[in-house]
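This report concerns only the one structure given below.
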Amino acid sequence: MIAYGKQWITPQDIKAVDRILRSGWVTQGPAILAFEKKLAKYCGAKYVVAVNNGTSALHLAYLASGIEPGDEVITTPNSFVATSNMLLAIGAKPVFADIRLDTYNIDETKIEKLITQKTRAIVPIDFAGQPSAMAEIKKIASKHKLLIIDDGAHALGAKYNGKKVGGLADLTTFSFHPVKPITTGEGGAVATNNKKYYDKLLLLRSQGVQKDKAGKNVMTVLGYNYRMTDFQAALGSSQLQRLNFFLKKRHQVAAWYKRELKDLKDIILPQEIKGNYSGWHIYVVRVTNPRRRNKLMKYLKQQGIGVNFHFPPIYKQPYYRQHGFSKTSLKNAELYEATALTLPLHPQLTKKEVNYIVGRIKRFYNKYEI
Ligand SMILES: *Cc1c(COP(=O)(O)O)cnc(C)c1O
């Protein structure tokens with residue numbers, strides 16, 4: 001099966017981890033700080049806090065930004081459930097805005113009418129690695145005094161008008177799960193330019209415990225244990241060195257797909273819109289005839305191609321349906337749901353594999369035989 005996404009671990013990565021495992025310090029230690037500094041420099045943020053996964057990163061970013069029970073947060077239904085789940089975890093209410101049909105990101109023109117007295121923040125995600133319309137979202141946020149927390153799980157290394165994701169929002173979260181731009185096994189991080197958030201994130205990551213004036217450890221806020229290990233951080237630093245190379249490879253694969261599929265009228269290709277440098281985390285196409293989508297997916301799977309689907313609208317998850325979202329319905333999100341599929345895209349995908357995938361898609365649509 002050709003995987004839709006996967007990690008790329010080299011002997012150099014293994015050496016970096018091995019060195020830490022032999023160093024005698026395996027939990028949070030010096031390799032974490034080194035990784036955080038490299039990440040901060042890479043994405044143009046002043047501070048980065050590494051954590052044990054991307055979901056924890058979201059949880060801490062929401063808590064650090066002061067989102068409280070009862071607050072409303074405007075976000076997108078086209079994300080991994082974690083984005084909204086962590087809002088529910090702190091008793092806040094996700095309010096779903098519809099998506100754009102060119103980027104599949106939150107439609108910034110649909111945000112303002114959802115703002116109420118209770119709205120505290122906007123949470124866009126940079127779907128498939130394509131940055132959201134941050135300038136427009138920032139305008140709305142500053143007009144209504146809202147925070148922006150960007151779920152950048154797909155978009156480490158992606159750029160918006162030349163600026164990297166990570167330095168654009170009040171807080172930005174990343175994930176280092178194996179299918180994400182770089183991996184630490186499990187892992188995540190929060191980036192911010194604000195010292196106040198940074199200090200809060202550090203505190204929340206380690207049980208809310210800090211030293212008082214007498215040097216005694218005291219717990220002052222309700223925190224967690226969301227620490228990453230040093231050997232994971234060593235893997236992260238090693239992977240980060242190759243991130244730009246990974247991104248180049250991803251762009252190459254996207255260009256191959258585009259060249260081979262652009263004339264096929266049955267498929268709508270993803271587009272990198274002007275001003276954006278996408279992370280090409282996943283390659284999502286849409287079929288023009290929704291009735292053939294499931295058949296196409298089934299056929300491609302039978303042919304050994306690991307197609308996937310990202311994401312059903314979050315509000316349609318049974319849990320959400322049972323917890324206040326039974327009537328939510330958004331037009332574009334549901335058109336997307338009926339027509340989208342994810343084709344394999346990762347840095348090690350070869351031209352030959354792409355040709356095979358493309359050939360099978362064309363065969364399905366009877367465009368030619370191979
Ligand atoms: C992967 C992902 C997360 C969660 O990251 P984990 O590291 O798996 O916890 C959050 N948001 C989005 C958009 C993701 O794709």
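The values are calculated or read from the model by the stated rules, or taken from the named source; none is laboratory data. Remember, it's a predicted structure, so these values are computed and weren't measured experimentally. Every residue, glycine as well, gets a Cβ built from its backbone with ideal geometry; the counts of neighbours run over all protein chains shown. These area figures cover heavy atoms from the full protein model, side chains too; ligands, DNA and RNA do not enter into them. Shrake-Rupley method; radii C 1.70, N 1.55, O 1.52, S 1.80 Å.
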As an exercise: evaluate residue 327 against (1) of a type outside the set (Gly, Ala, Ser); (2) in contact (Cβ under 8 Å) with a residue 24 or more places away in the chain; (3) in a loop (DSSP other than H, G, I, E, B); (4) more than 20 Å from residue 126 (Cβ to Cβ) and give the number of the one condition it does not meet.
(2)
Residue ID - nearest to residue 83 (Cα to Cα), chosen from residues in region 171-211 that are more than 10 Å from the ligand (Cβ to nearest atom) and of a type in the set (Ser, Thr, Tyr):
172
For region 1-95, please list each of the helices (runs of 4 or more DSSP H) lying entirely inside it that holds at least 2 residues being within 30 Å of residue 319 (Cα to Cα).
54-64, 82-89
Inside region 17-41, the number of residues satisfying the requirement of being in contact (Cβ under 8 Å) with a residue 40 or more places away in the chain and over 29 Å from residue 163 (Cβ atoms) is 11
Output for region 273-303, where each listed residue is charged (D, E, K, R) and part of a strand (DSSP E or B):
286
Which one is surrounded by the most Cβ atoms within 10 Å (Cβ to Cβ) among residues in region 200-214 that are touching a helix residue (DSSP H, G or I) at 6+ places or on another chain (Cβ under 9 Å) and farther than 14 Å from residue 59 by Cβ?
210
Inspect all residues belonging to region 257-277 and state whether any of them is open to solvent by 80 Å² or more (accessible area, probe 1.4 Å), modelled with pLDDT of 95 or more and under 14 Å from residue 344 (Cα atoms).
yes
Before we move on, is residue 91 free of Cβ contacts under 8 Å to residues at least 24 places away in the same chain and outside the structural domain of residue 331 (by TED's automatic domain parsing)?
yes
